[in-house]
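Notes to accompany the following structure.
Every number in this text was worked out from the coordinates using simple rules, so none of it is lab data. What you see is a predicted model; the values in this text were computed from it and never measured. FYI the Cβ positions are ideal-geometry reconstructions off the backbone, even for glycines, and counts take in every protein chain you see.
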Amino acid sequence: MSLSRNLPRYQLTRFKKQVRGVEGFSSSLSSSGSRSFKIATCAAMFPATSNFSHESRGVVASASSSPSAAAASASSTGAGGPAVSEAVIVGGGLAGLASAIGLRNIGIDAQVYEARDEVLGEGTLLCLFPNGLRALNRIDPAIVPKLIARGVADPTCLNHSPTGDLLFCWDLASNMTARFGFPMLAIRWQEVHDVLRGMLPNDAIHMGHRLVEFTQGEEAEGEDGEGSGTVDRNGSVKCVFQSVSGGQERLLQVETPLLLGTDGIHSEARKHLLRVEEGRNGSGNENWSGGAAGDGVGPRDNGRTIWRAIIDSSLTSHPPRHIVTTLGVNRTAVVVDSGAGRLYWALTLVDGADPTVSSGRSSSGEEAREKILRAFEGWDTVRHLARATSPELILERRVLDLPPLPFWVKGRVALLGDAAHAVTPSLGQGANLAFEDAAQLVECLRAHSGLSDALRSFQSLRMPRVHAVASQNNASTKKVYEKKEPGKGRGGSGASEANAAGPTFKEVAAASAAVAVREGRDPDDFLYAYDTFALEDSLVAAVVE
């Protein structure tokens with residue numbers, strides 16, 4: 001196959017650079033043959049173009065003209081059918097529900113087990129970007145229109161100083177649909193969960209079931225001890241869940257050919273898969289951009305507190321369809337119109353930035369609000385929001401992420417979403433990466449008749465992508481929270497640290513983009529044009545060879 005008929009020269013050059021870069025980074029992640037590994041990594045790194053797409057990238061066309069997802073998936077599944085007929089999913093959050101929808105659409109009976117009796121979004125807002133919405137569209141074309149109807153698409157994004165001066169307007173935010181075929185969507189977490197939950201039958205969701213343990217045969221161990229061995233076609237994973245009914249604890253045993261851990265940053269599935277104690281929190285590990293993980297797999301504290309809430313938008317004068325970001329010295333604020341008359345705000349503070357504010361957990365919403373008022377002295381908008389918010393609505397959390405894991409797949413078990421690669425919110429890519437995981441896993445299970453090949457392909461495709469996004473995320477975080485001495489902010493030598501402006505949004509975006517440019521990628525295309533749909537074997541083989 002001639003590449004010149006499919007790729008413009010500049011894209012081909014960039015593609016070859018990406019292939020070389022991914023091969024070097026990921027050589028330790030796969031023990032499969034070099035050609036098959038190159039095929040996987042090529043498909044993972046190259047963003048979608050119209051030449052490779054088998055369906056419209058536009059939201060309207062996909063929603064209105066596509067046949068049902070189940071019928072479309074069945075028609076494109078290999079002659080041998082998907083790699084398994086059943087799957088158990090641990091975790092009923094966004095990654096778990098999206099995975100269940102995709103798996104059921106290709107004929108796999110996916111059952112979701114959630115530890116909590118009720119799943120609530122805890123006042124959280126998401127920014128879903130074109131890459132995440134495109135992944136959801138791959139999973140089921142009915143999802144994206146439902147989400148758009150509940151959120152704010154392609155909002156205006158402004159960067160203000162702590163005193164309210166306009167510093168920068170991110171024009172791309174309001175032009176995502178025109179450039180990438182899908183919008184940037186500001187939407188509450190609970191709205192996304194409700195849409196996904198509503199697309200699954202009630203008997204596929206099992207609330208109040210906590211994973212106690214799981215076991216699988218020796219087939220799960222490869223020579224490297226990291227799950228590279230093949231799995232027996234008739235093997236299974238034996239799971240034990242604990243539930244409480246009528247005040248009585250009950251243990252439920254479930255046997256499945258495939259177990260997916262989508263239970264978030266505090267994942268029980270991850271703890272059992274890697275067989276280590278969660279208390280070893282990875283404090284000795286390098287950052288994501290550093291590459292190899294150390295011996296810890298638990299959440300890593302980033303030295304910051306975050307406060308957030310969702311309130312009635314009538315309580316403020318925030319303009320509709322706007323996102324306003326303020327970056328100060330060691331503190332940030334984001335205010336978002338989330339639609340339906342609701343407003344979301346989130347504030348972060350670096351530990352020790354204000355000696356009067358303890359980094360310890362607040363005992364009440366009132367105490368949390370008092371911390372905010374002290375830490376954000378001079379930030380009139382933030383202080384107004386804090387005073388307008390009922391204390392019981394203020395949520396206080398630590399900012400956490402995960403160190404890079406040595407593997408996500410072992411035998412018949414795979415980790416997805418925050419259970420595998422939780423990142424800080426600098427680029428807003430956490431949920432988007434989870435949806436990419438779900439779409440890619442569905443594609444791999446559909447394309448491969450063998451489970452080992454499907455899961456190895458999933459890991460080889462997803463790990464390089466996630467590590468690359470995380471490196472850009474880290475660069476953004478570093479720029480936002482770079483160390484400054486009091487009086488060194490944009491407010492001038494007379495400004496206090498509390499109300500001095502930090503870097504502009506433009507400067508932070510440039511720091512993230514620099515990472516991509518050094519690695520031969522267009523930063524915006526790499527993040528937002530990404531498509532999990534695999535390239536045909538013949539095309540990728542032609543590129544590599």
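Results, tabulated for the structure shown:
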quantity: Packing-based order for 127-140, 390-403, using average beta carbon neighbours within 10 Å, highest first; calculated: 127-140, 390-403
quantity: Förster-model FRET efficiency, 41 Å R0, Ser317 and Glu249, C-beta, rounded to 0.05; calculated: 0.20
quantity: Residues of the range 185-206 with amide N under 16 Å of a point placed 7 Å along Cα→Cβ from Leu120; calculated: 189-191, 193-194
quantity: Gain on full stretching of the segment that runs from Glu370 to Thr215 - 0.36 nm per residue minus C-alpha separation; calculated: 51.0 nm
quantity: Inter-site label distance for Asp351 and Ala149 at 7 Å from Cα along Cβ, in nm; calculated: 4.6 nm
quantity: Flagged links, alpha-carbon separation over 21 Å, of Lys238/Lys271; Lys371/Lys478; Lys371/Lys479; Lys371/Lys506; calculated: Lys371/Lys478; Lys371/Lys479; Lys371/Lys506
quantity: Normalised contact order of the range 330-420, rounded percent, pairs of Cα under 8 Å and 6 or more residues apart; calculated: 19 percent
quantity: Proximal charge balance of Thr332 [Cβ under 12 Å; K/R count +1, D/E count -1]; calculated: +4
